[in-house]
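A.B. asks: The structure is given below, and queries will be raised subsequently.
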Amino acid sequence: MMSSEESFIHGGTQPRPAQIGIVIRSPPPWPSKFSNQRELSKAEGKRPIEPSGSTSTNIAMNGITKQTSYEKALCMIDSAGKPLETVMMGLYNDGTVEEDDAAVTEMVEKRAGEQSATIIIEEETAAEIVEQRPKIERLNKAKQINGFILFVYRLTIMLRFIILCQFFRFRISRSVKNAHGLWLVSVICEIWFGVSWIFDQFPKWKPMTRKTNVNALRARFWNENEPCTLDPIDVFVSTVDPMKEPPLVTANTVLSILAVDYPTDKVSCYISDDGASLLTSETTILTASFARLWVPFCKKYKIEPRAPEVYFSKDLHCQKELKKRGGIFIKEWRVMKRWYGEFREQIKTYVDEAEKMPGDGWKMRNGVPWPGNDSQHHAGMIQVFLGPTGKKDVKENYLPKLVYVSREKNPTKPHHKKAGAMNALVRASGILSNGPYILNVDCDHYFNNSCALLEAMCFMMDPKLSRKICFVQFPQRFDGIDKDDRYANRNVVFFDVNMKGLDGLQGPAYVGTGCCFSREAIYGFYPISDEDYHDHVHDHREKFRSIIGRIKRRTKRLFQKKRLQRVPRSRAEISRAEITGAVNEDGHDDFQRYGDDAWLLLSQDNLKKRFGSSSLFMESTFMENGGLPPSANPAFLLDEAIRVVGCNYEDNCDWGKEIGWIYGSVTEDILTGFKMHTRGWRSIYCMPSIPAFKGTAPINLTYRLDQVMRWALGSVEILFSRHCPIWYGYGGGLYKLQRVAYINTVIYPLTSLPLGVYCVLPAICLISGKFITPTVDSETIVCYSMLFGSVIITGALENIWGGIGLANWWKNEQFWVIGGTSAHLIAVIQGLLKLMLRIDTNFTVTSKATNADGEDEFAELSIFRFGYVLLPPITIIFINILGLLTAISNAINYGHHQTMTVIAGKITFAVWVIVHFIPFLKGLRGKTKRVPTIICVWSFLLASMLSLLWVQVNSFIFDKTKTTPHH
């Protein structure tokens, strides 16, 4: 017997083809501390539902029976009661759905129409179906580190903090009367080290790891039996100088992107050539042609990695693969390797031709002068290859769109280095493809894992997380590093320890490459709250609300002057219809029609100030699922894209200030991620078992220090800017410990000042005969031993939960001292000069050149390249060696004046410093295995200056009442 509701839907006695069951689950018993269902729902973070007094309430609305209940689950059944399909909306592990009633009704209508089904309420039948329904797998899983290890780690941190406090009490209470200056300086340095340790340590209080489920993502959004519903992605590749960033490296990165395991119509690759190089343009054309051969080969045989240079260079791997796959694959593999060899030689020919510019400038192959002959003054250039309108591959399939972009430059306009280039790409891609997600990589970071985009989408398309995620950051991994990793290029302590710690807070920092962004976050919108999300779902069904009412309520929230208050200002608050009305060119007529409410249409001025003057781009920013706006005319897209990459487009708007990549620092990555976190977004750290990307590291000592100096300089610039995390962003959505982590990010270069002084103290103690402690007794030995023991134990526990070895931890400690006394120190000096004298700093691109002939993979490691950044460490090493020689001489000649324990303490202090500089000394020796002449000259001059200085200040250091001889 059918209920009245069923009769109302079916029209009485009509036959039932297929059915959709809306399952009603009884709510759990209310805990005593909650007076009603509304309070419980609010406590659990769910949208409150009015208590119905019974398990469920049937409401007839628009001819459809809708259920209001505590939990819902949807499934589709045929006439025999067998499940046809699972409708997934915000699903949890148990298959329950937490969603808006209107959205439930809308989904039921849609599915019923697709399957020619009728909607019924049949609780018993639906309950049986739920038991038979397959379990829905989650797209990702987050878990903390092993509980016992985490407990011991936290306990060790607290014990180390107590030991540190006792150490400071001990040091301050025991001053050295005859060497008060040495004692005071050493105590100040040690206090700074302790404070910096606190800023570095406590953000790692709750480390977290995550695991993705790519198979579940495929089953849900990329099933062979259903249309693909994965979201489109725009991939950015940035390059500047083809002489330092070889075109072959860039071409391999692009090829790995075009062959990625993702629907081809949902991937667009953009190359930013900020050097306007004809060589890069010609390489892109050649790469697009070779991709028609390479991409189908990769997808047919599912080869990894999909960068041909790396794939064909692994001979042993290829030989095993050849034997395993058989004859047809061997034949195609050999043909493809020959084709790639020809492609490689053609690029090499282009590079040889580009070594010297002709007198009349570069010309393209058709004889037309290249517009970018002056790299600092040229028009914007955009070239589109492949894609739905381009050539197909050899299998007659379309390839992802490939776009070459070189923004307009003018010497009278600031270019803002990489940040300006990335913002130009954001606008150009918003016109040409407008994917809702953006992934950026450096030109040398190829896709080592063809499922990298799917890995990111496991978070970005998660119904529970996606509304609050601004970006998914992948760790940086590198090829071409020597097995000893002499200069800590792998940086495993940062990527495997620190970043996991940040993931347990508000998320990792953006590190400049290997990061997938939400375009909504880049546009400066705020994350949508749960309440706003449900309001947004209702907006899709409200047909009769006036556009004026919506503009008045929502634009006021979006464009209010107080930017950092907690009211969300997300894109969901403004529908596309509103924006179309706001940017309507016939604004004058609208003003007359709306009378006193005409001021609301002035939101167009707010939009222009925010996004620039392009109406098409403004409309595209509110396309929630990406894609081009309905008003876009394909015939004029390129013209509009050229316009938005112009050097005047950012005038009088928020680009680089509030939206896009943020200007003001050479490390635009830290600043950009920080701004997103202050708005309340969170980020995710994704570490797949197969590294998503691999890049090229500068294994030469000078290049490595130049890279570290650039990072440190960017932190110093942020420290003295208005965006400094010490005072910026209060009242926003930044977590407290996340702020501590960002403060540590910008103040760490200042540690170079006390570190440099502390590394010189051993030599001063050895030469002067004084020490930083009154005596070296048992209490002093125990105090220092406990401190160093706590440091070692903390590091060992981080090695365990971070998965890094003790050797990597020690290399990181060594390079922290090397970089701190060289690159960081120079960066602080440059930052202060820029602040006080307004002296701008030049951006130096890290050389990524490799040995093309492959004769010696690590030849660059043994090449000595002198730079001023090497001078401070050389000075520290020489002074400590001089101090050791002086101490040994004094011990032999005048050992009765001091106890052997004091002498041993001084020597240990100096040896501790020199041991940290062993990788630096190896780098100085270079390939010749001898000290360079310039180092000998510098050492001789330094010795002469110190000798003359010592004669002058000798009387002020020694107590004249003692008989200790002068030196």
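A.B. asks: Just checking, which of Val249, Val195 is surrounded by 15 or more Cβ atoms within 10 Å (Cβ to Cβ), of a type outside the set (Phe, Trp, Tyr) and not assigned by the TED database to the domain that holds Ile764?
C.D. replies: Only one candidate qualifies: Val249.
A.B. asks: Of the residues that sit in segment 785-795 and are open to solvent by less than 40 Å² (accessible area, probe 1.4 Å) and of a type in the set (S, T, N, Q), which one is nearest to Met208 (Cα to Cα)?
C.D. replies: Taking the candidates together, the pick is Thr794.
A.B. asks: Somewhere in segment 352-369, is a residue touching a strand residue (DSSP E or B) at 6+ places or on another chain (Cβ under 8 Å), part of a strand (DSSP E or B), of a type in the set (Lys, Arg) and open to solvent by less than 50 Å² (accessible area, probe 1.4 Å)?
C.D. replies: no
A.B. asks: Only residues in segment 464-483 that are open to solvent by 20 Å² or more (accessible area, probe 1.4 Å) count as the first member; pair them with residues that are of a type in the set (Lys, Arg), Cβ under 6 angstrom, at least 6 apart or cross-chain, and list the lot.
C.D. replies: Lys468/Arg682; Arg477/Lys694; Asp479/Lys694
A.B. asks: Restricting to segment 465-480, name every residue that is in contact with an Asp or Glu (Cβ under 9 Å, 6 or more places away or on another chain) and not in a strand (DSSP E or B).
C.D. replies: Within segment 465-480, Arg467, Phe474, Pro475, Gly480 meet the criteria.
A.B. asks: From the list Glu779, Glu813, Glu798, which residue is in a helix (DSSP H, G or I) and open to solvent by less than 20 Å² (accessible area, probe 1.4 Å)? Let's see the steps before the verdict.
C.D. replies: Values: Glu779 fails: open to solvent by less than 20 Å² (accessible area, probe 1.4 Å); Glu813 fails: open to solvent by less than 20 Å² (accessible area, probe 1.4 Å).
Only one candidate passes the filter, namely Glu798.
A.B. asks: Only one of these is assigned by the TED database to the domain that holds Glu779, surrounded by 11 or more Cβ atoms within 10 Å (Cβ to Cβ) and either at pLDDT 65 or above or more than 44 Å from the chain's Cα centre (by Cα) (or both): His896, His967, His916. Name it.
C.D. replies: His916
A.B. asks: Mind checking whether some residue in segment 143-164 is open to solvent by 40 Å² or more (accessible area, probe 1.4 Å), closer than 30 Å to Cys458 by Cα, small (Gly, Ala, Ser) and without any contact (Cβ under 8 Å) to a residue 40 or more places away in the chain?
C.D. replies: The answer is yes; a qualifying residue exists.
A.B. asks: Could you look through segment 469-497, keep only residues that are modelled with pLDDT of 90 or more and polar (S, T, N, Q), and pick out the one that is farthest from Leu870 (Cα to Cα)?
C.D. replies: The extreme case among them is Gln473.
A.B. asks: Over 23 Å from Ala521 (Cα atoms), of a type outside the set (Ser, Thr, Tyr), open to solvent by less than 40 Å² (accessible area, probe 1.4 Å) and not in a helix (DSSP H, G or I): does that describe Ile382?
C.D. replies: Working: over 23 Å from Ala521 (Cα atoms): yes; of a type outside the set (Ser, Thr, Tyr): yes; open to solvent by less than 40 Å² (accessible area, probe 1.4 Å): yes; not in a helix (DSSP H, G or I): yes.
Answer is yes for this residue.
A.B. asks: Another one. Can you list the helices (runs of 4 or more DSSP H) lying wholly within segment 667-752 that have 3 or more residues being closer than 24 Å to Arg865 by Cα and within 20 Å of the chain's Cα centre (by Cα)?
C.D. replies: The qualifying helices (runs of 4 or more DSSP H) are 701-719.
A.B. asks: What number of residues within segment 443-463 satisfy the criterion of being open to solvent by 10 Å² or more (accessible area, probe 1.4 Å), over 21 Å from Tyr311 (Cα atoms) and touching an Asp or Glu at 6+ places or on another chain (Cβ under 8 Å)?
C.D. replies: Going through segment 443-463 one residue at a time, the tally reaches 1.
A.B. asks: Among (1) of a type in the set (A, V, I, L, M); (2) modelled with pLDDT under 85; (3) over 30 Å from Val666 (Cβ atoms), there is one condition Leu787 misses while meeting the rest; what is its number?
C.D. replies: (2)
A.B. asks: Quickly run through segment 284-296 and pick out the residues that are of a type in the set (Val, Ile, Thr) and within 15 Å of Ser256 (Cα to Cα).
C.D. replies: From segment 284-296, those of a type in the set (Val, Ile, Thr) are 284-285, 287, 295; that's our starting set.
Result: Thr284, Thr287, Val295.
A.B. asks: Cβ-Cβ distance below 7 Å, separation of 6 or more or different chains: which pairs start in segment 735-748 with a residue that is in contact (Cβ under 8 Å) with a residue 24 or more places away in the chain and under 19 Å from Phe720 (Cβ atoms) and end on one that is among the aromatic types (Phe, Trp, Tyr) and open to solvent by less than 40 Å² (accessible area, probe 1.4 Å)?
C.D. replies: Tyr742/Phe674
A.B. asks: Of all residues in segment 198-243 being open to solvent by 30 Å² or more (accessible area, probe 1.4 Å) and within 30 Å of Leu753 (Cα to Cα), which is farthest from the chain's Cα centre (by Cα)?
C.D. replies: My answer is Ile198.
The values are calculated or read from the model by the stated rules, or taken from the named source; none is laboratory data. Please read all numbers here as calculations on a predicted model, not as lab measurements. Please note: Cβ atoms are built from the backbone with ideal geometry, for glycine as well, and neighbour counts cover all protein chains shown. Keep in mind that these areas ignore ligands, DNA and RNA; they rest on the heavy atoms of the full protein, side chains included. Shrake-Rupley method; radii C 1.70, N 1.55, O 1.52, S 1.80 Å.
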